[in-house]
Amino acid sequence: MTEKPDYAICHAYTTLKSQDDLKFFVQLSCELTGFNEVDLYGTGQVLTYYQIITDYLDKKDAKLATLFSGLSSTLFSSQNETYLHKLINGHGQPAKVAASLIKLWYLGQWYNPDNANDTMIPSSQSYISGLVWTAIHAHPQGAKQQGFGAWSFPPLSEDQGQA
Amino acid sequence: MRQINHHEALSKHYQIIIVGSGFAGSILAKELSGKNYSVLVVEAGTGDALSFGQHLDYVDRYRTATIKIPNAPFPNCSNAPQPMETDVEPVPKGGVSAKGYFVQTGPYPFASTFTRRVGGTSLHWFGSCPRMVPDDFAMRSVYGVAVDWPIDYDFLQPFYEKAEREIGVSANVQDQQYLGIHFSPGYVYPMERIPQSYLDGWFSKGLANMRVDELGEPVMVRSIPQARNSIPNPRFDGGEGFTPKGAVGDPSIGQRCMGNSSCLPICPVQARYNSLKTLQHANVDLLTKTVVSKLDIDPDNGRIRGLECKVWRDDRSADFEAIYLKADTFILAANAIQNATLLLASGACKSSGQLGRNLMDHPAILSWGLAPEAIGAFRGPGLTSTLVNYRNGKFRRERAGFVLEIGNWGWNWPFNDPNDTTIRMIDEQHAFGRQLRDSLTDMVPRQVRIDMMTEQLPSDANRVEISPDWRDALGNFRPVLQYNVDDYSKQGMVFARDFGSKVFKHLGIADETTFDPSSYGYFDWKGNGYVWQGVGHIAGTHRMGTDRHNSVVDRWQRAWDHENLYVTGCGSMPTLGTSNPTITMAALCFATATRF
Ligand SMILES: Cc1cc2nc3c(=O)[nH]c(=O)nc-3n(C[C@H](O)[C@H](O)[C@H](O)COP(=O)(O)OP(=O)(O)OC[C@H]3O[C@@H](n4cnc5c(N)ncnc54)[C@H](O)[C@@H]3O)c2cc1C
């Protein structure tokens, strides 16, 4: 198990390489998750996750911007989709890193790209912020209570749920 | 309740010592101290009984646990060890599986667990509180199998009412009057039933025209009584009403179930009952981190003279101080497996030869699938309704009864969902971006899981034993378990699974169930594979009966062999029927309290 750093006090500002780096991380995260910048910043997890991925890549002397250098700066373009599709269906390092990053955003849980058994949830907040709960029109189990009796009402229909 | 240290405990004389602070221990502590007895509760595990901060720490542990098993919020501790679901594995033929606390000798592993901490397993139980059906108490007379209880439904009736008040059960009487279950005139539960889930309604509507095969009757989907706070019933207690019990340490919250969808393992607002709600109001002393290791028995008259205990300080060290606690009367409430282990370690309760035997659970068989439309999975309490037709019937001569539970949390059981599905989409389908999001939106809200919780009959061969070869860090005996699931239950499960498939078909649910041959509960029935799973209903190890030759305790849970010893909990139950056992066990404890 990786030792769990104290993400509650986020050191990301000190490890922050540059604003450009962070911007790239957020854009890549949007492309990989299907959620927009506001959604991602709204989780409060951007800096924590940025630090996790940077810590991991630093040990390998790698950089996010290099691994995904074909990404254009237009958000959610079909060009980006085709590019990522190819990368993710490949077997290289970018595919593994992308998969871990998607899981981190969706589940609030980090899986070491080199060893899936090496996993941790950085904090209660990251668990609660998992995007999966929004995607499935529910709420994180054990948080964001919906209120007495909410469960007896019909679930959100698909079009109501679209962002 | 006052939490004290062992120096103070040793300096005082107590009339009654209770071992364990779960349901049985807490209820008896409150009842007996209410009758002005001086009572000490001795608890093996650690914990601060009144701290809301500690509860929040547990919630935090749950949220950050990468595997969300029932014991996830409650750390294991080597001085008062507890079984963990993650330790359950197939038992090698002729060998043992001992990687967890239990020493499993097979042929199957015993798959259910408990918690050893202040509050016991009440910290993580689910909260389902159905009564037993009257025939459950007379399996031998009515169906020619197993044994009869020394008591019947009507004996227990007034004690059920007391238990439902103390635990705070939400239900409507008219929903619960089926298969012979009846109530005293004018009775109402303390709180109105918990609203049924959208899924329950969808099931009821979809199954309205379905008939139950051999019984030829319409299906009965009924709200299940639950120990979670709902709207108080103003007609309760002859018009006195009922005040729900909120969280221990912060009663302003938890006054209603707020839909946190995590009753098991932990309700963040404590709208789901735990035994500390009872213990906090008991005028008793509580001594924690004190493991009772042995009862000291007077060889002349069988009376218990005292308890040999080990007081530990720190989980990182096996250092302990040995103390000896005296009282007039002793009550074991350490749960079915620990009660038996302790009595075996003490050479107690030998007359019947039944001690440690008849270990039971409710083996459950699952079916899961995808509904044709979103049914709102992962919202609300985990279980709000059950299909109850097969809880009783003539078929019980040959095969086990079962209750069909309609799960509200999709494939959270048997998987770790929604995680597992998400991971599968990412790793296997290489989904990402909008497509991943849409796939999850489409699929997970359609997830349905039912489980058929099946009766297990008592058997001599299913038992708790001890051996000098197997001890824990403090040198106390570990439970050595022998466990099998017999053809009566297997036949019940095979029928139940088939019935579950019919229900799915009727509702247009695409069945996605698979039974993995490497699972601990795998079995073959006429060429088809099935898997059962444990559900935590540990019972039967010190059963009650009519005399010292057929049972360990009498109807009041008093040990036949030791006149100042009571052995309480689900271990006293001679048979288990198809109901979650705690409300019945709590009723037995209220009956016990009348002997004082
Ligand atoms: C996952 C799960 C879900 C469940 N859901 C339900 C449900 O929905 N409905 C239902 O009816 N039942 C349910 N149960 C069963 C229920 O939890 C038990 O029936 C109940 O906890 C038994 O109560 P008890 O007081 O006998 O024992 P416990 O609650 O286990 O308490 C025993 C206490 O004794 C202490 N102790 C043990 N050994 C010693 C010793 N040697 N010295 C001192 N102290 C000791 C323990 O530390 C513990 O605190 C569930 C169980 C599990 C595991």
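The values are calculated or read from the model by the stated rules, or taken from the named source; none is laboratory data. Remember, it's a predicted structure, so these values are computed and weren't measured experimentally. Counting neighbours? That spans all protein chains shown, and the Cβs are built from the backbone with ideal geometry, glycine included.
Miscellaneous remarks
- Hey, B:Val248 within 23 Å of B:Gly22 (Cα to Cα) and either among the hydroxyl-bearing types (Ser, Thr, Tyr) or within 13 Å of chain A (Cβ to nearest Cβ) (or both) or not: no
- Within the range A:39-61, the set of residues being of a type in the set (Gly, Ala, Ser), exposed (fewer than 14 other Cβ atoms within 10 Å of the Cβ) and in a loop (DSSP other than H, G, I, E, B) is empty.
- Just one residue in the set B:Cys257, B:Cys263 is near the ligand (Cβ under 10 Å from one of its atoms), of a type in the set (A, V, I, L, M, F, W, C) and either part of a loop (DSSP other than H, G, I, E, B) or in contact with a His (Cβ under 8 Å, 6 or more places away or on another chain) (or both); that residue is B:Cys263.
- Within the range B:126-150, the set of residues being crowded, with 19+ Cβ neighbours inside 10 Å, outside any helix (DSSP H, G or I) and away from the ligand (no atom under 16 Å from the Cβ) comprises B:Ala146, B:Val147, B:Trp149, B:Pro150.
- Candidate set: the range B:396-434, residues that are within 13 Å of chain A (Cβ to nearest Cβ), assigned to a loop (DSSP other than H, G, I, E, B) and touching a residue at least 12 places away in the same chain (Cβ under 8 Å); chosen: the one surrounded by the most Cβ atoms within 10 Å (Cβ to Cβ): B:Pro418
Here's the yes/no breakdown for (1) under 30 Å from B:Tyr14 (Cα atoms); (2) crowded, with 22+ Cβ neighbours inside 10 Å; (3) touching a residue at least 24 places away in the same chain (Cβ under 8 Å):
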site	(1), (2), (3)
B:Glu43	yes, yes, yes
B:Ala49	yes, yes, yes
B:Gly53	no, no, yes
B:Arg63	no, yes, no
B:Lys68	no, no, yes
B:Phe74	no, yes, yes
B:Ala80	yes, yes, yes
B:Met84	no, no, yes
B:Lys93	no, no, no
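- The number of residues in the range A:107-125 that are more than 8 Å from chain B (Cβ to nearest Cβ), of a type in the set (S, T, N, Q) and in contact (Cβ under 8 Å) with a residue 40 or more places away in the chain comes to 2.
- Test: residue in the range B:40-56 that is assigned to a helix (DSSP H, G or I) and within 14 Å of B:Arg2 (Cβ to Cβ): no
- Qualifying residue in the range B:200-218 (condition: surrounded by 16 or more Cβ atoms within 10 Å (Cβ to Cβ), within 14 Å of chain A (Cβ to nearest Cβ), at negative phi and in contact with a Phe, Trp or Tyr (Cβ under 6 Å, 6 or more places away or on another chain)): no
- Some residue of the range A:125-143 being closer than 21 Å to B:Asp57 by Cα, surrounded by fewer than 18 Cβ atoms within 10 Å (Cβ to Cβ) and within 16 Å of the chain's Cα centre (by Cα): no
Here is a yes/no grid of residues against (1) hydroxyl-bearing (Ser, Thr, Tyr); (2) at pLDDT 95 or above; (3) under 27 Å from B:Val19 (Cα atoms); (4) surrounded by fewer than 23 Cβ atoms within 10 Å (Cβ to Cβ):
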residue: B:Gln255; (1), (2), (3), (4): no, yes, no, yes
residue: B:Ser262; (1), (2), (3), (4): yes, yes, no, no
residue: B:Cys267; (1), (2), (3), (4): no, yes, yes, no
residue: B:Gln270; (1), (2), (3), (4): no, yes, yes, no
residue: B:Ser275; (1), (2), (3), (4): yes, yes, yes, no
residue: B:Leu279; (1), (2), (3), (4): no, yes, yes, no
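- Residue match in the range B:103-111 (condition: within 11 Å of the ligand (Cβ to nearest atom) and either without any contact (Cβ under 8 Å) to a residue 24 or more places away in the chain or crowded, with 19+ Cβ neighbours inside 10 Å (or both)): yes
- Filtering the range A:45-59 for residues that are more than 11 Å from chain B (Cβ to nearest Cβ) and free of Cβ contacts under 8 Å to residues at least 12 places away in the same chain leaves a non-empty set.
- Condition check for B:Ala80: more than 14 Å from every other protein chain (Cβ to nearest Cβ), more than 10 Å from the ligand (Cβ to nearest atom) and not in a helix (DSSP H, G or I): no
- Scoring B:Ser385 on the criteria (1) part of a loop (DSSP other than H, G, I, E, B); (2) within 12 Å of chain A (Cβ to nearest Cβ); (3) within 16 Å of the ligand (Cβ to nearest atom) leaves a single failure, condition (1).
- Residue within the range B:77-87 that is among the aliphatic types (A, V, I, L, M), touching a strand residue (DSSP E or B) at 6+ places or on another chain (Cβ under 9 Å) and modelled with pLDDT of 95 or more present: yes
- Residues of the range B:563-590 that turn out to be more than 15 Å from the ligand (Cβ to nearest atom) and surrounded by fewer than 22 Cβ atoms within 10 Å (Cβ to Cβ), as a count: 2
- Among the residues of the range B:435-473, the ones that are within 14 Å of chain A (Cβ to nearest Cβ), out of contact with any Ser or Thr (no Cβ under 9 Å at 6 or more places or on another chain) and either part of a strand (DSSP E or B) or among the basic types (Lys, Arg) (or both) come to 1 in all.
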